Every structure is written in structure tokens, then in C-alpha cells.
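This report refers to the structure that appears directly beneath it.
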Amino acid sequence: MILFMLRMALKNALRHRLRALLTLAGIALAILSFGLLSTVVSAWYAGADAASDKRLITRSAISLVFPLPINYGEKIRAVEGVTSVSWANWFGGVYIEEKNFFPQFAIEPTSYLRLYPEFHLEDAELAAFIRDRQGCVVGRKLAQRFGWKIGDRIPLRGTIYAGNWSFIVRGIYTGRDSGTDENQFFFHWTYLNEWITQRYPRRGNSSGVFVIGIRDGGEAALISERVDSLFRNSLAETLTETEKAFQLGFVAMTESIVLAIQLVSYVVILIIMAVMANTMAMSARERTAEYATLKALGFSPGVIGWLILVESLLLCAIGAGIGISLTWPAVRAVGQALDNLFPVFNVANSTVWLQVAAALVVALSAATIPAWRAMQVRIVDGLRAVG
Amino acid sequence: MSQPAVSLRHVSKHYLRGGQVIDVLKDIDFDIAPGDFLALMGPSGSGKSTLLNLIAGIDQPSGGQIIVDQVDIATLAEAELADWRASHVGFIFQFYNLMPVLNAQENVELPLMLTTLNARQRKEHASLALEMVGLSDRSSHYPNELSGGQQQRVAIARALVSDPSLIVADEPTGDLDRKSAGEILDLLGQLNTELGKTIIMVTHDGRAAERAHAIRHLEKGELSALEMLQPAKV
Amino acid sequence: MRLSRIPLHYVWRNLFTRKLTTVLTAGGMALVVFVFATVLMLEAGLKQTLTATGLAENVVAIRKGSQTEIQSGLSRQEASIIESSAPIALNAMGRQLSSREAVVLISLQKKGGTCSKSDPPTPPCTNKPANIVVRGVGAQGLAIRPQAKLIEGRRFLPGSAEIMVGRAIADGFEGVQLGASLHFARRDWTVVGIFDAGKTGFNSEIWGDAEQMMQAFRRLNYSALVFQLRDTDAYASTQKKLEADQRLTAEYKRETQFYADQSKVMASFISILGSVLSAIFSVGAIIGAMITMYAAVANRTGEIGTLRALGYRRRSVMLAFLLEALFLALLGGVVGLILASFMQFFAVSTMNWQTFAELAFSFTLTPIIVLKSLLFALLMGMLGGFLPALRAARLQIVDALRAA
């Protein structure tokens, strides 16, 4: 009986070949774009997801644009529970054109890269970078994007630090896994600092953020408080939080956009729900007489309902199957086009589950009204619909 | 003394159309003996199809009793009625009402899905039924690959495959040419004489009605007297 | 085109007979039009906000290449040179309408963000920081921005640690109500007023006294100099003159242009995202329309045969079905627009990537958007209805009648 119903439902589903094809295309497209939009949303959180719980970020309590005195580093290092300290400055340079955006940081090379083991650099390249004051290290994707090789000279136009800068690529780092940002650019903090101190002595010897390595992630709140209390009521008060909280703070600043994309991804499901419900409603209506005949032969209304539901599930399963399997190539293509915007752009497992759930919801909701109608229709009325 | 196969007692049926009560059937009262072959005739709108639907259990009367094989089907609940139809009634429709997505064999098997028979047994029964209507060689054909007469024969095979005692036919020849109609009527006569099925047939074709044992005329919801015919000679 | 040759009432009534199908198909289209219109409204709202922020007669001077006020630095000396050589408008008292400004970003918590500062954000605690522009303005800073109107409290007193906040800040952030005090740069700043600058970026700013800010933040350089031209047409000549001056390292833009440039990245992001989404979604809706119209043709094959037998031409039949699809689309378009028009009650507040500062703007429905959305809907109907209509027109009368 079950096998029979499955076969009949499948045959019914594919009865109008053009309609089935159009519906499948619609479902596949909707599930695919839902998957893409979900991937965009998760890409937004990539920084927070990749954050280590053994790292804290200290910044100015006023806001990120205010620097902290470099001698804070020594004081932080002495705090109980802190294992290492490094620092970084946002540079904000422009490579040829403004649209070539990528993040650049002036760092203290040895301690910074030790704090970020996910940026993997060959020992020889690391040594070469540490040796060269004008050297820089770039991510694999970034190097690919502009075709940079080791030894290349990279010109940057400063926006915060006006002038023309140039750096020599000494190393290309690779990410530990697909969640690592391979789109960053690092150079020597001392190089930047000398430039600043020469021109604006008062602005020198400062850093944008301190990165703190801690022994135990469980102590994060305690250590943050210890660090901040060190500088309370000083000229530059600090705000220390876990790297994850720091990254989530960034996400929160553009929260409305994430929210909008999420909303829109549900709208596409609603659209396909309407299309699918329409397909099912029309098919069921055209088959009113057949369903009435089945009922006359003694089949219960429940069987009719299942027949319609299974048909809907089959269509959605095939459509969603196509849509989901197209997600990976599509994400790869879109990821390449947008890698300056989203350095990490991968299909998450949860995205696939969401796609499956969405398809299921579409199938069930599309079948509900037609199934209910077909179950309700009186045999005599149904038979009259012949011809 | 055998019980009547079907007995109707004070059966009435009315509809509400636009706030008006329309009486389709008024106080219908008659018996059909087992093994009978009855033709119901009457002009359009006389209520003959409604009467047939009531006896077949696909419509419910507004009042009265319909006793088929000692069961008052007017009192059965929807689900019970469905089970009852599956085991007691075979249907033949004017437009055959075959499932277009199933082939002949599968269409005939359809009523057997509601029994406890296994797949092999269902196949055997269906083949046998198709053989009886002379369509063994068409068992894998789909309805749109068959002529009207052939489709109706598949429908007859479907009606008898579950071995019901009662077969109802609503204008079974209404959509067929004369030659095919003749073949279908022959087949119905065979079911009646050789298998002893009780048959009730609605028709407006006098030629078709002549094949029955008896004719009843319906006029404005009321039944005329029974008109006995000689059993048709094959 | 002889429209009388098309049974219009036939077209119209068919839509009403198939209620569920009509609702579902038009509903799908309505959602697509909704997304389409909403994105356009967002783009329009952003553009309107940023162009309305500036006045054409005002000129902003920032350090060359710094792109934003935050990154800019302008020495007192440079500010004086500009003020002495540009044709700056004077007020009734004979003072130059120019404002030396100090612009910084501070971090504030959005409403709904309830975390103490160093806690990891665990629910229900949500950390919602936003970077807010704090603008220290000169004595004439308010005079050259007449669009900002005080709606509560009073103006800040020059030379005091008083501030006034924009309306979007007052509505959307914690701890900025009248009389509250904000602690930054080792001082407590008292909120003495709330101003409404209409649909402008200033609504997302906090204003105070420039010299006080410079002291508190220990700055030597201003961020920008904003001045009003005596004659708005004098911009080009003024720019030329100032750029030729060897002592100056600034660049000069009309205030309107300055703010429009700051939204370029965001505007193009919205517009690209919007058009990609609209394109993809509309394919879905077109498919929906196609399914519906193909079914309509199939179900009414007999009727088509009858119409043709009665003397209707192929073209009339085609137009009838095309019109049906267009009606359907128009219905979807109108419903989608009505839905979208409710979005005008909402405002978006987000970080502008170019300035890192919070910016609030609203969905703005313009007549052009209404027109574009309806045309978009009709286009969907056209694309979805064309092939099915063609099929209807191509049916042979005899075959069609036989299906009746």
C-alpha cells in the first residue's frame, strides 16, 4: 500500500511535465538562494566564530579610534593570568584604488604571530619578515587576489597616516582551516611608529589595541577586570573583552544589515511557498474526480490526503536536492567574487539543515489546503467534476 | 425465502439551493432481489443518479432506510461506509474514471489495495478479471492508450475484481458508440447470469435498458411501477 | 489594437473564479515587489539622508586624502588661512559663518544592549555597541546648520561640558536622556538638549563645544572646517584659489557632495544586493505566473476553442491570456507596494563602513519607486504570461473544441 501510494504520488507529481519542471526549478532556485543568504549571514559572524577564548582584546574605553599608550603593554603583562601581550594598529591604507579594500595592521611581529597560531607561516618567511623593517606578511587569498609574490613591492596610500608607503612581501600565511581569515596584511609596528614620531611626536608610541594571551579561558572576565582596573581614572581608560565579544561588537554595529538579509532569506521561502501551494492546489483540483473515484472505491479520505502530501514532499525533495547540491558551487563562485567583503565564505552544516527544514515546511504548507479540500469534497460532487 | 439484496424504505433526498428546498427523491420504497438486473430510467434531473448514488453508499439520504445485505447503510459513519463500499459494491461510471497514471492492470488492482491480499494474490485476481473482460493483452496499457470501450471494460474488471455482490452502473454506455455499447451490455449481462451479481444500471438509452430484467422509471423524484422484461437472451 | 475584440470581462472574471490560485500567484509576486520596492526605498532613504545632511552653500575642508572627518587633521594655522582667504558669508553681527570642528567617535550602547562592559555576552545579555559621532562645533556651528532644530531642553553653553544629542540618538540609545551625563575623555558631559535635524545624518550625532572637546581629547588639530559661502556659485573659484595656496594641505568639497561621497560604499552595497535579490526572486515569481497561466490555458482549452469558433482571432485570444497575466501581476504589484509602504514607519540604524560611525536612515517611498515597482511587476507578468498565451493562441479550433 505504501509503495503503491509512493508510486502513484510520484507519477502524479510528474504528470504535467512542464509544470513539474517549472516547479522544481522554482524550488531549487529558492532553496539555493536561501542557502546563499544564510551563508552570507554566517560569513558575517566568521570573525567571531574563529575567535579564540584564550585571547582578550584591550582598546580605549571611549572608542576604537583612540589609541592607547604603548607602555600599557608592560603593565598588562604583569597582570596575573596573562601569558603574553602584543599590539596592533589599524592602518587604513588604499592599494591603488579604494575598491581594493583589505584590512592592514601594524603589529609587533614575534609576539603577535605567536598569539595567532592559526596564521601559519614558514619559519624562513617568518625570519625574513622579522629581519626586514619594511617587510609585510599577507594572507594567501589576498596574495592570490592581487597576484602578489614574495619579494613584491606593495604601494599603499595612507589615509590616516597621509603619504605614500611601500612594503615588501616577505611571507604569505595560510589559514589553519577554512574558517581562518586569509585576507589580512601585517607589517612592522616600529616602522609606522618611527614615521609618526618624526611628524607628530605626541601621537607616537601608541597602539590601537592590545591582544592579550591568557592561561585559561575561564578566567577571561576576571582578567579583563584586572586589566581595566589598572587604568581606571587614567588619561586613557581601557575596555577589555574576549576576542569573541570584540568581534561580535563589530557584527552588532551592522546588525540591521544582517537582520535584513535574514528577513529576505525567509521571504524567498514564502515566495516559493506560494508558488508550490499553487501548483499543488491546481493539480489537486484537476484531479478532484480521480480522488472522488478512489473514495467511491472505498479509500479513506486519509489516503487521499497522504497521496497529496507525499506528492508535495516528493517535488520538494527533488527540488531541494538540486538546490542544496548547487549550493557548494554557487558559494564558491560568489565567495570568489566577494572575497574582499567576506574573507571566510563557507557552507555551514547548519545552513544545509536549514535548507532541508525550509523545504519540508514548504512541502507541508503547500499540501495542507489542497489535501484538506480533497479530503472534504463529497464523492457525488467530486464525480460531477469529470470532463 | 431469500432476503432482498437491496431494500429502500421511505427514502427521500432534498437539497438546499439558494435558500430553497428542492426535493430530488420523495418517499422511495422498493426492493431488489439478489441476482436481479434493474434498469433505472428517467429524464435528466429526475433523480435517477441520485438514487443510484444512495444505494451505492456515496451519498446520504435525507430520510428513510437503505438496507443492503441486511445492513442499513444510511446509519453508517463515513469511514464505515467506505469499508462497506470496498467490499460490497462495484462501480461503473459513464466516463470510466480510471486513474490516468496507472496502467490497466494497476487500475484493476486498485480496489484490492484495501484488502489483506498480498501483491502476488492481487496480481492474480486482477489478471483474472482482465481476462474475463477480454483485455489480458492490454494489461500494461495506460488509459489514454485504450479506446472508450476498452477503458469501460477495464472499469468493469475493476468493479468485479473484489467480488462484490452489487454492481452499480451510471450510464455505462453513455459515452460509447453503438458497437462498443453492445459489448459492454453483453459483459454486464454475463456478470449477472454467470456470476449472479445484482446489477443496478442508470440509463436513458431504451436499447440499453432492454438488456435488464426489469425497468423502473423515475419522474420528478417519484418511482413508477415495475416494468418486467424477459431476461435478455445472449 | 482593437481592445473591443478581447473579452475583458472574461479575463477579469476568470481571475475571480480561481480565487486560491489567483491569491497564491499574486501573493508570490507581491512578495517579490515588496523586496524590490523595499530595497529601492532603503537606497532612496540613504541618499536622501546624506544629501539632505549637507547644504549646497556650505563647504567642508578636511586634510587631503583623509576621506573622513575622523581621520582628518587641520591645524589652527590652516583654519585661519582658509577663513581669511575664502569668501565666507557674514551674519547680522558681522561674524564669519564658519565652524572649526573637532569630530571624534565614542562607543555607546544601543537600547536593548544591557551588558556590563567586560562580560562575555551571554544571553539575555546582549552587547550592542555603536560608534557615535561627537562633533565639537564652533560658535557659528549651529547657525550654518539651520536644519537642526532644538526640540527639547536648550543649547549647550559655549565653554562648558554640555552637549546636545540628535533625535535618532535620543530615541535609540541608552543613557542619553535629558539631564543624563556621559562620561568620556575623563569628564562628565551633561545632556542639556535634544535636536531634530529631520532626515539628516546629524540626527545620529552628539554636539558640543569644539574647544572643550579639543581640551578633553588633548587634540591640537581640528578635524574639519565648515564654512558658508557668501555666494553658492563661488564654490569652484574658491576651491581653485585654496588649492593653489601652498600653505594649505586640505581638500574642499561642497557639504552635500561630502556626505554623498561618504555613503557611496553603503549605497552601492544596498543597490547591488537589492538588484541581485530582485532578479533571483523575480525568476521564482515568473515561474509561479507561468505555472498558473499554463494551467489556465489547459483548463480552458474548450473555452478557447469556443471563443475561436465564435470568431475571435488568435491575437485576441493571446492578448486575453496576456492581459490575465498582467492583471495578476498588477494585483501582486499593488499589494507588494502597499506592504512596502508600511516600511516607511521603520528606520534603519547601522554603521557606515566608510566612516565607522552610526547612521540612521529610513525607508523612503517616492513616486519613481512606485512607478518602477509597478513596471517591474508588469514585466514579471509579461514574462510569465507570454509563453502560455502563445500556446493558447496556437491551439487549433477543432482540437480545442474536442477537449471541451
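The values are calculated or read from the model by the stated rules, or taken from the named source; none is laboratory data. Just so it is clear, the structure is predicted and the values come from calculations on it, not from any experiment. Ideal geometry is used to build each Cβ from the backbone, glycine not excepted, and the neighbour counts take in all protein chains shown. Surface accessibility is based on the protein's heavy atoms, side chains included, excluding ligands, DNA and RNA. Shrake-Rupley method; radii C 1.70, N 1.55, O 1.52, S 1.80 Å.
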Fill in the blank from the handout: Of the residues in region A:86-98, those that are open to solvent by 20 Å² or more (accessible area, probe 1.4 Å), farther than 21 Å from A:Lys244 by Cα and in contact (Cβ under 8 Å) with a residue 24 or more places away in the chain come to A:Tyr95, A:Ile96
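Going by what's in this entry, would B:Glu124 be described as surrounded by 20 or more Cβ atoms within 10 Å (Cβ to Cβ), in a helix (DSSP H, G or I) and acidic (Asp, Glu)? Give the steps one after another, and end with the answer.
Working: surrounded by 20 or more Cβ atoms within 10 Å (Cβ to Cβ): no; in a helix (DSSP H, G or I): yes; acidic (Asp, Glu): yes.
Judged against the criteria, B:Glu124 is not a match.
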Exercise for the section: State yes or no: is C:Phe327 open to solvent by 20 Å² or more (accessible area, probe 1.4 Å), under 15 Å from C:Thr38 (Cβ atoms) and more than 9 Å from chain A (Cβ to nearest Cβ)? Expected result: no
Handout entry: Pairs, first within 14 Å of chain A (Cβ to nearest Cβ) in region C:174-203, second part of a loop (DSSP other than H, G, I, E, B) and at pLDDT below 90, C-beta under 6 Å, six or more apart
Key = C:Glu174/C:Lys111; C:Phe184/A:Ile62; C:Ala185/C:Phe217
Fill in the blank from the handout: Of the residues in region A:209-228 that are at pLDDT below 90 and of a type in the set (Gly, Ala, Ser), the one that is farthest from C:Asn221 (Cα to Cα) is A:Gly218
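Of the residues A:Phe4, A:Phe102, A:Phe34, which is of a type outside the set (Lys, Arg) and open to solvent by 20 Å² or more (accessible area, probe 1.4 Å)?
Details: A:Phe102 fails: open to solvent by 20 Å² or more (accessible area, probe 1.4 Å); A:Phe34 fails: open to solvent by 20 Å² or more (accessible area, probe 1.4 Å).
The unique qualifying residue is A:Phe4.
Here is a check on your reading of the model: is B:Ile28 under 16 Å from the mean Cα position of the chain (by Cα), farther than 16 Å from A:Arg378 by Cα, open to solvent by less than 20 Å² (accessible area, probe 1.4 Å) and away from chain A (no Cβ under 13 Å)? Walk me through how you get there before you give the answer.
Details: under 16 Å from the mean Cα position of the chain (by Cα): no; farther than 16 Å from A:Arg378 by Cα: yes; open to solvent by less than 20 Å² (accessible area, probe 1.4 Å): yes; away from chain A (no Cβ under 13 Å): yes.
For B:Ile28, the condition - under 16 Å from the mean Cα position of the chain (by Cα), farther than 16 Å from A:Arg378 by Cα, open to solvent by less than 20 Å² (accessible area, probe 1.4 Å) and away from chain A (no Cβ under 13 Å) - is not met.
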Problem - Cross-chain or 6+ apart pairs with Cβ under 8 Å, region A:314-329 first and not assigned by TED's automatic domain parsing to the domain that holds A:Leu10, then surrounded by fewer than 16 Cβ atoms within 10 Å (Cβ to Cβ) and of a type in the set (Phe, Trp, Tyr) - result: none
Problem - Selected residue (only one of C:Asp231, C:Asp209 is open to solvent by 30 Å² or more (accessible area, probe 1.4 Å), over 30 Å from A:Gly26 (Cβ atoms) and acidic (Asp, Glu)) - result: C:Asp231
Practice task
Please give the helices (runs of 4 or more DSSP H) falling wholly within region A:11-97 in which 2 or more residues are of a type in the set (Gly, Ala, Ser).
Solution key: A:17-44, A:46-50
Exercise for the section: Please find, among A:Ser224, A:Ser229, the residue that is part of a helix (DSSP H, G or I), open to solvent by less than 10 Å² (accessible area, probe 1.4 Å) and either farther than 17 Å from A:Val65 by Cα or small (Gly, Ala, Ser) (or both). Expected result: A:Ser224
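Quick check on region C:340-361. Is at least one of its residues within 11 Å of another protein chain (Cβ to nearest Cβ) and more than 18 Å from the chain's Cα centre (by Cα)?
Keep residues of region C:340-361 that are within 11 Å of another protein chain (Cβ to nearest Cβ), which gives C:343, C:346-361.
Now narrow it down to the ones that are more than 18 Å from the chain's Cα centre (by Cα): none.
Checking region C:340-361: not a single residue is within 11 Å of another protein chain (Cβ to nearest Cβ) and more than 18 Å from the chain's Cα centre (by Cα).
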Handout entry: Members of region B:65-97 found to be under 15 Å from A:Lys295 (Cβ atoms), part of a loop (DSSP other than H, G, I, E, B) and open to solvent by less than 30 Å² (accessible area, probe 1.4 Å), listed by number
Key = B:Phe93, B:Asn97
Handout entry: Options C:Ala289, C:Ala298: the member that is open to solvent by less than 40 Å² (accessible area, probe 1.4 Å), more than 25 Å from C:Arg76 (Cβ to Cβ) and assigned to a helix (DSSP H, G or I)
Key = C:Ala289
Handout entry: Tally of residues being open to solvent by less than 20 Å² (accessible area, probe 1.4 Å) and farther than 12 Å from A:Arg285 by Cα across region A:368-384
Key = 2
Fill in the blank from the handout: How many residues of region C:134-192 are touching a Ser or Thr at 6+ places or on another chain (Cβ under 8 Å), among the β-branched types (Val, Ile, Thr) and within 26 Å of C:Ile88 (Cα to Cα)? The answer is 2
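Each row is one residue, and each column tells you yes or no for (1) closer than 23 Å to A:Phe246 by Cβ; (2) within 14 Å of another protein chain (Cβ to nearest Cβ).
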site: A:Leu142; (1), (2): yes, no
site: A:Gly147; (1), (2): no, no
site: A:Ile150; (1), (2): no, no
site: A:Gly171; (1), (2): no, no
site: A:Leu192; (1), (2): yes, no
site: A:Arg199; (1), (2): no, yes
site: A:Val211; (1), (2): yes, no
site: A:Arg215; (1), (2): yes, no
Exercise for the section: Find the strands (runs of 3 or more DSSP E) located wholly in region A:112-188 whose residues include 2 or more that are open to solvent by 50 Å² or more (accessible area, probe 1.4 Å), and list them. Expected result: A:153-158, A:163-175
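Sort out which residues of region B:98-121 are in a helix (DSSP H, G or I) and either farther than 12 Å from A:Leu297 by Cβ or at the interface with chain A (Cβ under 7 Å from one of its Cβ atoms) (or both), and write them in order of number. Steps first, answer last, please.
Filtering region B:98-121 down to residues in a helix (DSSP H, G or I) leaves B:104-114, B:119-121.
Result: B:Ala104, B:Gln105, B:Glu106, B:Leu110, B:Pro111, B:Met113, B:Leu114, B:Ala119, B:Arg120, B:Gln121.
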Handout entry: Residue ranges of helices (runs of 4 or more DSSP H) in region B:131-234 with at least 3 members open to solvent by 20 Å² or more (accessible area, probe 1.4 Å), away from chain A (no Cβ under 14 Å) and of a type outside the set (Lys, Arg)
Key = B:178-195
Problem - Cβ-Cβ under 8 Å pairs, at least 6 apart or on other chains, region A:356-383 side more than 9 Å from every other protein chain (Cβ to nearest Cβ), far side outside any helix (DSSP H, G or I) - result: A:Ala374/A:Arg287
